[in-house]
Amino acid sequence: MFETLTKAPGDKILALMGEYAADPRPTKIDLGVGVYKDEQGATPIMTSVKKAEQKILSAGKTKTYLGIAGNKGYGAAVLDLVLADSVDRSRVRIAQAPGGTGSLWVLMQLVNRARPGATVWVSDPTWPNHNPIAENSGLQVKTYPYFDTETRGVKFAAMLAALDALGKEDVVLLHGCCHNPTGANLTPDQWDKVAASLARTGALPFIDLAYLGFGDGIEADAYGMRKILSSVPEALVAFSGSKNFGLYRERVGAAILVARDAAQADIAQSQLLNIIRGAYSQPPDHGAEIIRTILEDAELRAEWETELNAMRARMIRLREKLSEAIRQRSNSKDFDFIAAHRGMFSLLGLENSVVEHLKANNGVYMIGDSRINVAGIPEDRVGELADAMLAAIK
Ligand SMILES: Cc1ncc(COP(=O)(O)O)c(C=O)c1O
């Protein structure tokens, strides 16, 4: 049977990780892979997570099935965290899913059941996994303008014009915060305009929320999504707990749907649960139970927020240090955008030859499109990195 297959393309980020691991230079710098890193270049388990795991371990009594929608307490806690009071909960349903990716997957399947072959509009550029998830679900993908390669900000007028031209049958995928790969994000005023456009056209907002708390804080990062949810009759949200809880390998996320009313929400949820049952039956519990334990316990929640704030502050500090170092050396503000961006990534807008040169010559690894993970910048070697970047650009 397998003779009918040809080799599928490998994942570029995983290939780069392999190249980095094989590089013997002790001075190499990993700005590639999309996981948070601390001062030591490690991705440690958060203290709040460790404490929650200890509680779970000693209190646990059973490993029996939880049901298709997963951990109910987790679902309720995630809705409080994500939605706050932006939308009447009678219109909202949630199903725990394996990571942000699994949440995107089941929601795309739901879109295809409701509107077979619909077009999903994604930002140009977007997270490379959006396209296959949508296409493998039977949907079509088109792009709306997003990143301005001149300013390295958002091409907002062009983006809004494209959204204004959509209709009821369209689906618009938006990064809730901390855009991946660009790092360029909408201002609150721009979110207001996007929400008004969606309310006007009837296009369905589908929000990918993979980095809540990594940009300017939980509330600020949730602003745009909540504004949209409070402005439109229907919406989808794919939440991930991979980054903000550091639970990457536990595969914890949630598929959230907002319907016109409770009756439609029940019908849509029944379809969502039917999709899950026919795919993997039920989600894994451990990550969800960790998040539930943290969010339901005032002390653990405060500790988690302190840890999340520290991660965010470190990323903003590294952004400021790198743009400052480049400004001092080059006497130009060309890289000030790094400090203005938010989240874990910035798209530098470098030619692929420059990216390759930095890898070969300096052992500086970034994704081929010149996306860097700012958490990978070694704080004590920012000047060295700025020198390498400026030399490579010349
Ligand atoms: C934009 C975006 N969406 C979704 C995800 C999914 O994350 P996970 O499936 O690991 O929770 C990621 C992870 O890199 C991402 O960057």
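The values are calculated or read from the model by the stated rules, or taken from the named source; none is laboratory data. Remember, predicted model here, so these are calculated numbers, not experimental data. No Cβ is skipped: glycine too gets one built from the backbone with ideal geometry, and neighbour counts run over all protein chains shown. Each accessible area value is taken on the protein alone, full model and side chains, heavy atoms only, with ligands, DNA and RNA left out. Shrake-Rupley method; radii C 1.70, N 1.55, O 1.52, S 1.80 Å.
Test of understanding: among A84, A95, which residue is under 23 Å from the mean Cα position of the chain (by Cα), away from the ligand (no atom under 16 Å from the Cβ) and either assigned by TED's automatic domain parsing to the domain that holds Y248 or open to solvent by less than 70 Å² (accessible area, probe 1.4 Å) (or both)? Steps first, please.
Numbers: A95 fails: away from the ligand (no atom under 16 Å from the Cβ).
Exactly one of A84, A95 is under 23 Å from the mean Cα position of the chain (by Cα), away from the ligand (no atom under 16 Å from the Cβ) and either assigned by TED's automatic domain parsing to the domain that holds Y248 or open to solvent by less than 70 Å² (accessible area, probe 1.4 Å) (or both), namely A84.
On the given criteria, is L57 in the same structural domain as N309 (by TED's automatic domain parsing), open to solvent by 30 Å² or more (accessible area, probe 1.4 Å) and either part of a helix (DSSP H, G or I) or at pLDDT 95 or above (or both)? Full working, then the answer.
On the way: in the same structural domain as N309 (by TED's automatic domain parsing): no; open to solvent by 30 Å² or more (accessible area, probe 1.4 Å): yes; either part of a helix (DSSP H, G or I) or at pLDDT 95 or above (or both): yes.
Against the criterion (in the same structural domain as N309 (by TED's automatic domain parsing), open to solvent by 30 Å² or more (accessible area, probe 1.4 Å) and either part of a helix (DSSP H, G or I) or at pLDDT 95 or above (or both)), L57 does not qualify.
To keep it simple, each residue is scored yes or no on (1) surrounded by 17 or more Cβ atoms within 10 Å (Cβ to Cβ); (2) within 28 Å of T62 (Cα to Cα).
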| residue | (1), (2) |
| --- | --- |
| L295 | yes, yes |
| A313 | no, no |
| A325 | yes, no |
| K333 | no, no |
| G343 | yes, no |
| S346 | yes, no |
| L350 | yes, no |
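Please go through the stretch 179-203 and pick out each residue that is of a type in the set (V, I, T), open to solvent by 10 Å² or more (accessible area, probe 1.4 Å) and in a loop (DSSP other than H, G, I, E, B).
First, the residues of the stretch 179-203 that are of a type in the set (V, I, T): 182, 187, 194, 201.
Right, trim to open to solvent by 10 Å² or more (accessible area, probe 1.4 Å) and you get 187, 201.
Within the stretch 179-203, just T187 meets the criteria.
Can you name every residue in the stretch 60-79 that is surrounded by fewer than 13 Cβ atoms within 10 Å (Cβ to Cβ) and over 19 Å from Y280 (Cα atoms)?
Residues satisfying the conditions are G60, K61, T62.
What is the residue count in the stretch 11-54 for residues that are without any contact (Cβ under 8 Å) to a residue 40 or more places away in the chain and not in a loop (DSSP other than H, G, I, E, B)?
At the first step, the residues of the stretch 11-54 found to be without any contact (Cβ under 8 Å) to a residue 40 or more places away in the chain are 11, 14-15, 17-18, 21-22, 24, 26, 40, 42, 50, 54.
Checking the rest, the ones that are also not in a loop (DSSP other than H, G, I, E, B) come to 14-15, 17-18, 21-22, 50, 54.
The qualifying residues number 8.
Exactly one of (1) more than 16 Å from the ligand (Cβ to nearest atom); (2) among the β-branched types (V, I, T); (3) closer than 22 Å to A203 by Cα is unmet by T151. Its number?
Unmet for T151, out of (1) more than 16 Å from the ligand (Cβ to nearest atom); (2) among the β-branched types (V, I, T); (3) closer than 22 Å to A203 by Cα: (3).
Can you name every residue in the stretch 20-37 that is surrounded by 13 or more Cβ atoms within 10 Å (Cβ to Cβ) and not aromatic (F, W, Y)?
Of the residues in the stretch 20-37, the ones surrounded by 13 or more Cβ atoms within 10 Å (Cβ to Cβ) are 20, 23, 28-37.
Once the filter is applied, which keeps residues that are surrounded by 13 or more Cβ atoms within 10 Å (Cβ to Cβ) and not aromatic (F, W, Y), the stretch 20-37 yields D23, K28, I29, D30, L31, G32, V33, G34, V35, K37.
Considering W105, W127, W121, W191, which residue is closer than 30 Å to A375 by Cβ and in contact with a Gly (Cβ under 6 Å, 6 or more places away or on another chain)? I'd like the intermediate steps shown before the answer.
Working: W105 fails: in contact with a Gly (Cβ under 6 Å, 6 or more places away or on another chain); W127 fails: in contact with a Gly (Cβ under 6 Å, 6 or more places away or on another chain); W121 fails: in contact with a Gly (Cβ under 6 Å, 6 or more places away or on another chain).
Step by step, each of W105, W127, W121, W191 is checked, and only W191 is closer than 30 Å to A375 by Cβ and in contact with a Gly (Cβ under 6 Å, 6 or more places away or on another chain).
Among the residues of the stretch 226-278, how many are within 16 Å of the ligand (Cβ to nearest atom), under 14 Å from V111 (Cβ atoms) and open to solvent by 40 Å² or more (accessible area, probe 1.4 Å)? Working first, answer last.
Kept after step one, since they are within 16 Å of the ligand (Cβ to nearest atom), are these residues of the stretch 226-278: 236-256, 276.
With the extra rule that they be under 14 Å from V111 (Cβ atoms), the set shrinks to 236-238, 255-256.
Subset that is open to solvent by 40 Å² or more (accessible area, probe 1.4 Å): none.
Residues flagged as within 16 Å of the ligand (Cβ to nearest atom), under 14 Å from V111 (Cβ atoms) and open to solvent by 40 Å² or more (accessible area, probe 1.4 Å) within the stretch 226-278 amount to 0.
Could you check N131 against (1) without any contact (Cβ under 8 Å) to a residue 24 or more places away in the chain; (2) on the phi > 0 side of the Ramachandran plot; (3) within 16 Å of the ligand (Cβ to nearest atom) and say which number it fails?
So N131 meets the others, but not (2).
Of all residues in the stretch 134-149, how many are in contact (Cβ under 8 Å) with a residue 60 or more places away in the chain and exposed (fewer than 13 other Cβ atoms within 10 Å of the Cβ)?
Residues that pass the stated criteria total 1.
Within 16 Å of the ligand (Cβ to nearest atom) and either of a type in the set (G, A, S) or open to solvent by 10 Å² or more (accessible area, probe 1.4 Å) (or both): which single residue out of A288, A302 fits that description? Working first, answer last.
On the way: A302 fails: within 16 Å of the ligand (Cβ to nearest atom).
It is A288.
It is to be established whether one or more residues within the stretch 204-216 are away from the ligand (no atom under 16 Å from the Cβ), more than 11 Å from the chain's Cα centre (by Cα) and open to solvent by 10 Å² or more (accessible area, probe 1.4 Å). Break it down stepwise before answering.
At the first step, the residues of the stretch 204-216 found to be away from the ligand (no atom under 16 Å from the Cβ) are 204, 216.
With the extra rule that they be more than 11 Å from the chain's Cα centre (by Cα), the set shrinks to 204, 216.
Still in the list and also open to solvent by 10 Å² or more (accessible area, probe 1.4 Å): 204, 216.
There is at least one residue in the stretch 204-216 that is away from the ligand (no atom under 16 Å from the Cβ), more than 11 Å from the chain's Cα centre (by Cα) and open to solvent by 10 Å² or more (accessible area, probe 1.4 Å).
Among the numbered criteria (1) under 18 Å from I228 (Cα atoms); (2) within 16 Å of the ligand (Cβ to nearest atom); (3) among the small types (G, A, S), which one does G183 miss?
All conditions are met except number (1).
Quick one: would you say L173 is within 10 Å of the ligand (Cβ to nearest atom), in contact with a Ser or Thr (Cβ under 9 Å, 6 or more places away or on another chain) and open to solvent by less than 10 Å² (accessible area, probe 1.4 Å)?
Working: within 10 Å of the ligand (Cβ to nearest atom): yes; in contact with a Ser or Thr (Cβ under 9 Å, 6 or more places away or on another chain): yes; open to solvent by less than 10 Å² (accessible area, probe 1.4 Å): yes.
For L173, the condition - within 10 Å of the ligand (Cβ to nearest atom), in contact with a Ser or Thr (Cβ under 9 Å, 6 or more places away or on another chain) and open to solvent by less than 10 Å² (accessible area, probe 1.4 Å) - is met.
Any chance the stretch 189-200 includes a residue that's in contact (Cβ under 8 Å) with a residue 60 or more places away in the chain and away from the ligand (no atom under 11 Å from the Cβ)? Break it down stepwise before answering.
First, the residues of the stretch 189-200 that are in contact (Cβ under 8 Å) with a residue 60 or more places away in the chain: none.
No; the residues of the stretch 189-200 include none that is in contact (Cβ under 8 Å) with a residue 60 or more places away in the chain and away from the ligand (no atom under 11 Å from the Cβ).
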